[in-house]
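The values are calculated or read from the model by the stated rules, or taken from the named source; none is laboratory data. Keep in mind the model is a prediction, meaning the values are calculated, not measured. FYI the Cβ positions are ideal-geometry reconstructions off the backbone, even for glycines, and counts take in every protein chain you see.
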Amino acid sequence: MVALVNQAAPVKNQFGHRARLSLSPAGVRAVDEQAHAARTLWNLLHVWWRMMPREKRTLAKADAAIRQARKDIDFLADLPAQAAQAVLKTYFRAWKNCWEGRADAPDFKGRFRSVMSVDVPQGRDLHITRVHRRWGMVNLPKVGRVRFRWTRDLPVGNRADAQNRITGARLVKDALGWHIAFRVQTLENKPEPHQGPDVGIDMGIAVPLALSNGETFEHGEWLTEKEKARLLYWEQRAAQRKKHRGPGERASRRLQHTYDRIAGLRAKAKRRALDWQHRTTTAIARSYGTVVVEALTVTNMVKSGRGTIEAPGKNVAQKSGLNRAISGEAWGRTVTLLTYKTAQRGGILVKVPAPGTSQRCSVCGLTAPGSRESQAMFVCKNSACGWTGNADHNAARNVLHLYRAGLALVPAAGRAVVRRAKRVKPATAR
């Protein structure tokens, strides 16, 4: 007797994984030279594009120009040939994105304004091996074997095949040093529908994430007191040294070194914030089947309150501080992480309209402007109700109620519209 098993077809999954490289001083210098060569090659391509007639701007002619430039200019040979081809393809793709309205037209890359990066198009050139639990080894063209921080299992060795493999990588430099971003392709079974409960989430500043079931996710300062003191010291030094720079003059090496110190501390704080977001969103995606959030337009929320000369704004300093706090919490990135993490585990993420969620009583439904008496306390103005409780949890329950009432936002023709669900889930006890 043969049992028939209903299995879903495997789904191809493509994602990136970024890891820190451990380069020697000679390795850092070699990768820096490759990145500068790639940036110069991009600028030469841009000059060639602007000089050539439109009918001669073809991929074949650009490839011939690149090969000739690598022969004429010695330091362009520091860049591997495949990485040079990747620069060419990226440049043409940038123009295609511009023509299709997805991005602005490509421009010159400045030495200090652009991100230093080198592409490794072929995954077979990497020869990745795992040394032990914390470190792996990767082969970088014209650099050699380099250690990288092993923080995730990768399809290498016996685990690699035609469907599960690393298709390429990109070397990227930030304020904390060089990193490698692997392009990973896997074949995975479609996850079963998540059987976890529904939850609404209210995102704020005092309480970063408040859930409708009363749970909260909070964090402390991203920098220690000693690190904040160092950051203030270097910012003061930068302001002092900037006074001695004339209009239009380039920053001195000493000032640039000060800027690098500031960028390093800020990058460390950003990395800690991103780590907290990853841990928090993973815990939420594992526990809940449907995650409901507000459809916030963060770009409009962080607009300057300065106003115009005819109509100057009020409380500009307070609005600037609020904008920095909202940007620091990175609500948009939280929603992005929740979107793909819930999908990986069989759950869904739903957005509902944001207006009124913080001023509406989650018990009787009355919306009154003065109900939120403070940042943390909500008091219902309905004399027949009079419910009091935590304001953030009240807003999270309202977010969940909107979803259960069928008021979910569905994107249509580039905009979000409210669409009522055909089936309304019964409300549970509060």
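Of all residues in region 270-301, which are touching a residue at least 40 places away in the same chain (Cβ under 8 Å) and among the hydroxyl-bearing types (Ser, Thr, Tyr)?
280, 281, 282, 287, 288, 290
Restricting the search to region 55-79, which residues are under 19 Å from residue 32 (Cβ atoms), out of contact with any strand residue (DSSP E or B) (no Cβ under 8 Å at 6 or more places or on another chain) and crowded, with 16+ Cβ neighbours inside 10 Å?
70, 76, 78
Would you confirm whether or not region 31-54 contains a residue that is in contact (Cβ under 8 Å) with a residue 60 or more places away in the chain, surrounded by 12 or more Cβ atoms within 10 Å (Cβ to Cβ) and β-branched (Val, Ile, Thr)? Break it down into steps so the answer makes sense when it comes.
Going residue by residue through region 31-54, those that are in contact (Cβ under 8 Å) with a residue 60 or more places away in the chain are 31-32, 34-36, 38-39, 42-43, 46.
From what's left, surrounded by 12 or more Cβ atoms within 10 Å (Cβ to Cβ): 31-32, 34-36, 38-39, 42-43, 46.
Restricting the remaining residues to those that are β-branched (Val, Ile, Thr) gives 31.
So far as region 31-54 goes, yes, one or more of its residues are in contact (Cβ under 8 Å) with a residue 60 or more places away in the chain, surrounded by 12 or more Cβ atoms within 10 Å (Cβ to Cβ) and β-branched (Val, Ile, Thr).
Got a sec? Which strands (runs of 3 or more DSSP E) wholly within region 91-183 have at least 1 residues that are touching a helix residue (DSSP H, G or I) at 6+ places or on another chain (Cβ under 7 Å), closer than 23 Å to residue 270 by Cα and not assigned by TED's automatic domain parsing to the domain that holds residue 59?
none
Only one of 276, 331 is modelled with pLDDT under 90 and among the aromatic types (Phe, Trp, Tyr); which?
Unique residue meeting the criteria: 331.
Name every residue in region 336-392 that is at pLDDT 80 or above, over 20 Å from residue 196 (Cα atoms) and of a type in the set (Lys, Arg), in order of residue number.
360
Within region 170-183, identify whether any single residue is surrounded by 14 or more Cβ atoms within 10 Å (Cβ to Cβ), over 24 Å from residue 26 (Cα atoms) and in contact (Cβ under 8 Å) with a residue 12 or more places away in the chain, and answer yes or no.
Yes, because at least one residue in region 170-183 is surrounded by 14 or more Cβ atoms within 10 Å (Cβ to Cβ), over 24 Å from residue 26 (Cα atoms) and in contact (Cβ under 8 Å) with a residue 12 or more places away in the chain.
Condition test on residue 295, is it at pLDDT below 90, surrounded by 15 or more Cβ atoms within 10 Å (Cβ to Cβ) and under 30 Å from residue 353 (Cα atoms)? So that I can check it myself, show each step before the final result.
On the way: at pLDDT below 90: yes; surrounded by 15 or more Cβ atoms within 10 Å (Cβ to Cβ): yes; under 30 Å from residue 353 (Cα atoms): yes.
For residue 295, the condition - at pLDDT below 90, surrounded by 15 or more Cβ atoms within 10 Å (Cβ to Cβ) and under 30 Å from residue 353 (Cα atoms) - is met.
Within region 339-366, can you find the residues that are hydrophobic (A, V, I, L, M, F, W, C), out of contact with any Ser or Thr (no Cβ under 7 Å at 6 or more places or on another chain) and either part of a loop (DSSP other than H, G, I, E, B) or closer than 11 Å to residue 398 by Cα (or both)?
Across region 339-366, the qualifying residues are 352, 354, 363, 364, 366.
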